[in-house]
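Have a look at the structure below before the remarks.
All of the numbers you see were taken from the coordinates with simple rules; none came from a lab. Owing to the predicted nature of the structure, the values given are computational and were not obtained by experimental measurement. When we count neighbours, we look across all protein chains shown, and the Cβ atoms used for this are built from the backbone with ideal geometry, even at glycine.
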Amino acid sequence: MPTSVLDLAPVVPVVVLDDVADAVPLARALVAGGLPAIEVTLRTPVALDAIRAIAGAVPDAVVGAGTVITPAQVRESVAAGARFLVSPGWTDVLLEAMRGSGVAYLPGVSTTSEVVALLERGVREMKFFPAEAAGGTAYLKSLAGPLPQARFCPTGGIGAANAAEYLELSNVGCVGGTWMIPADAVTAGDWGRIESLAREAAGLRRSG
């Protein structure tokens, strides 16, 4: 595994699961399509069980926890088998918990000051969220000049139509999104369709 989540694949699927039974077949379809890093958001009651199921049954998946906002969630996610953590924003308390977790982490930022504050604390890899609402590719491009040492995984409002535009930027390692996981395909158990969409996403080129 590369040292960075940003280097595993050009796209990190952001997964919201309502039924833990979908976790393993969904993860297998994403991995088969070439997207091994899978962010399971802690937005539903089954999220931790889903992480546990994927970690136990899909060895080629690098499963992570998203929407992590408390130190307790950091501990619970790592205990469930999460290999990386993603937060929509950060505080010093949350950052300290993520730093001490022993797994990779991407704290969320949406302003230049937040980026500078993380750089001061030795963090160079971040989630840029909500990407489109916070200024999109134009904003990230403007950060690359004064802050070239910061690398991002933009998430929020990114889909098949604009993902490549983000991946062309020098300071973007990967993007996060849900477009390869249509809700109707999950409901129908159409894992072949999800694998196909994942393969298309995995084929997007990165600037690096």
Around V5: net Lys/Arg minus Asp/Glu count, Cβ-Cβ under 12 Å: 0
So if I take the centroid of the Cα atoms in segment 51-84 and the same for segment 135-208, what is the distance between those two points in Å? 21 Å
Go through Q73, V172, T41 and say which Cα lies farthest out towards the positive end of the charge dipole of the chain; charges sit on Cβ, +1 for Lys and Arg, -1 for Asp and Glu. V172
Collect residues whose amide H, placed 1.01 Å from N in the peptide plane, falls under 5 Å from the amide H of T178; neighbours closer than 5 in sequence don't count. V14
Tell me which label goes with the value of percent of Cα pairs over 24 Å apart computed from the coordinates here: [x] 42; [y] 35; [z] 71. [y]
Listed peptides 77-84, 9-16, 37-44 by packing density, highest first (mean Cβ within 10 Å): 9-16, 37-44, 77-84
So which residue, out of T111, T70, T187, gets the largest mean-square fluctuation from a GNM of the chain using Cα contacts under 10 Å as springs? T187
Table column - 3J(HN,Hα) (Hz), segment 185-193, Karplus curve with 6.51, -1.76, 1.60, x for Gly and Pro: 5, 5, 4, 7, x, 8, 5, x, 5
Below 8 Å between Cα atoms, with a sequence gap of 6+, how large is the relative contact order for segment 115-208 in percent? 26 percent
For segment 54-145, report the convex hull volume of the alpha-carbon atoms normalised per residue, in Å³, without decimals. 107 Å³
For I38, which sequence-distant residues (separation of 5 or more, or a different chain) have an amide H within less than 5 Å of its own amide H, given hydrogens modelled in the peptide plane? V62, V63, G64
Could you list V186, V20, V93 in order of exposure, starting from the residue whose Cβ has the fewest other Cβ atoms within 10 Å? V93, V20, V186
Please report the net charge: other residues with Cβ closer than 14 Å to the Cβ of P36, K and R +1, D and E -1. -1
